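Visitor: For reference, the structure I am asking about is given below.
The values are calculated or read from the model by the stated rules, or taken from the named source; none is laboratory data. What you are looking at is a predicted structure, and each value in this text was computed from that prediction instead of being measured. Don't worry about glycine lacking a Cβ; one is built from the backbone with ideal geometry, like all the others, and counts go over all protein chains shown.
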Amino acid sequence: MALRDKYKELIDAATSAGISDLKVREQDNVLYVDGSTSDGKVKDNLWNIYNQIDPDFRAGDLILNIDASAAVGTKAKVTTQSSNLNIRKGPGTDQQIVGKAAHNEIVTVVSKANEQWSLIRTDDGKEGYVYTQYLTQA
Amino acid sequence: MKKNFFAGYFLALGMLALIIGSCKGKSSQTTTTDTATVAPADNTTTKIPDTTVVISADDSLKRMIPDATKDFPGVTASVDQGVITLTGNISRDRLPKLMMALNALHPKKINNNLTINK
């Protein structure tokens with residue numbers, strides 16, 4: 001229960017932001033918070049709160065898994081730090097690079113290969129797999 | 001003689017009534033027992049709250065981590081019993097992106113032992 005108190009501000013923010021399928025559980029001194037949102041800003045805000053409560057994520061007592069990736073069939077924005085996003089032939093960094101999507105470019109999500117990789121199509125017709133963490137619902 | 005016959009006749013009728021009565025008792029008892037057996041079965045269908053924490057197996061974490069850490073060349077991630085331990089160097093502005101990617105892999109815990117450069 002102590003961890004729920006420590007991260008109360010985060011849990012309250014997730015609840016008021018309308019995070020879908022929000023789950024908050026405590027097990028073996030780790031708090032697990034899972035959910036999804038269609039708004040990348042909501043996810044960033046929750047991570048900012050996490051970073052304020054536990055600076056640099058040092059305590060190792062929270063696993064925050066907020067999925068803000070774009071739904072299949074919708075548009076997604078490439079949210080890399082600043083660089084281009086590699087588009088690959090298959091789902092894996094060991095797969096050949098077949099193109100690049102620019103930082104902040106809008107692409108279409110065709111399908112999700114697994115929890116980590118999505119098949120996308122760019123507006124100029126390039127198709128391939130990208131790391132889902134770098135896509136945010138547009 | 002006739003008196004005895006009637007006495008026997010009524011005695012037989014009485015016994016028959018008793019037998020029928022006891023049979024009725026048995027049948028109603030059986031019905032009650034059946035109902036009692038059904039009731040607990042209904043209780044077992046009560047929904048169990050979803051409180052399970054899904055933790056990825058080490059094999060799965062080891063397979064997924066290279067993709068998650070590829071863009072963070074100074075970072076080394078090791079896995080033991082679901083716990084990811086991070087060592088190496090990272091800049092503070094890049095740390096959240098790395099943590100977001102690793103938190104999504106369903107680890108048990110993440111020990112951040114990274115040296116953070118401003």
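Visitor: When only residues in the range A:42-68 that are in a helix (DSSP H, G or I) and surrounded by 22 or more Cβ atoms within 10 Å (Cβ to Cβ) count, which is modelled with the lowest pLDDT?
Guide: The first filter runs over the range A:42-68 and keeps only residues in a helix (DSSP H, G or I), leaving A:42-53, A:55-57.
If we keep only those that are surrounded by 22 or more Cβ atoms within 10 Å (Cβ to Cβ) as well, we get A:43, A:46, A:50, A:57.
Details: A:K43: 95, A:L46: 98, A:Y50: 98, A:F57: 98.
Here the residue is A:K43.
Visitor: Also, I was wondering about something else. Suppose we keep only residues that are of a type outside the set (K, R), outside any helix (DSSP H, G or I) and within 9 Å of chain A (Cβ to nearest Cβ) within the range B:86-104. Which one would you say is surrounded by the most Cβ atoms within 10 Å (Cβ to Cβ)? Give the steps one after another, and end with the answer.
Guide: To start, the set of residues in the range B:86-104 that are of a type outside the set (K, R) comprises B:86-91, B:93, B:95-96, B:98-104.
Applying the additional criterion that residues be outside any helix (DSSP H, G or I) yields B:86-91, B:93, B:104.
Keeping just the survivors that are within 9 Å of chain A (Cβ to nearest Cβ) gives B:93, B:104.
Numbers: B:D93: 11, B:A104: 21.
It comes out as B:A104.
Visitor: Against the condition assigned to a strand (DSSP E or B), within 29 Å of A:V24 (Cα to Cα) and away from chain B (no Cβ under 14 Å), how does A:A71 come out, does it pass?
Guide: Judged against the criteria, A:A71 is not a match.
Visitor: Select from the range B:98-118 the residues that are at pLDDT 95 or above and not aliphatic (A, V, I, L, M) and list them in ascending order.
Guide: B:N103, B:H106, B:P107, B:K108, B:K109, B:N111, B:N112, B:N113, B:T115
Visitor: Another question, if that's okay. Of all the residues that make up the range A:23-41, how many are more than 8 Å from chain B (Cβ to nearest Cβ) and either under 13 Å from B:V53 (Cα atoms) or surrounded by 19 or more Cβ atoms within 10 Å (Cβ to Cβ) (or both)? It would help to see each step written out before you state the result.
Guide: Step one: list which residues in the range A:23-41 are more than 8 Å from chain B (Cβ to nearest Cβ), which gives A:24, A:26, A:29, A:31, A:33-41.
Still in the running and either under 13 Å from B:V53 (Cα atoms) or surrounded by 19 or more Cβ atoms within 10 Å (Cβ to Cβ) (or both): A:24, A:26, A:29, A:31, A:33-35, A:37, A:40.
So the count comes out to 9.
Visitor: In the range B:68-77, what residues are surrounded by fewer than 20 Cβ atoms within 10 Å (Cβ to Cβ) and more than 22 Å from A:D54 (Cα to Cα)?
Guide: Within the range B:68-77, B:K70, B:P73, B:G74 qualify.
Visitor: Also, quick follow-up: Taking the stated definitions as given, is B:P73 within 7 Å of chain A (Cβ to nearest Cβ) and not in a helix (DSSP H, G or I)?
Guide: No.
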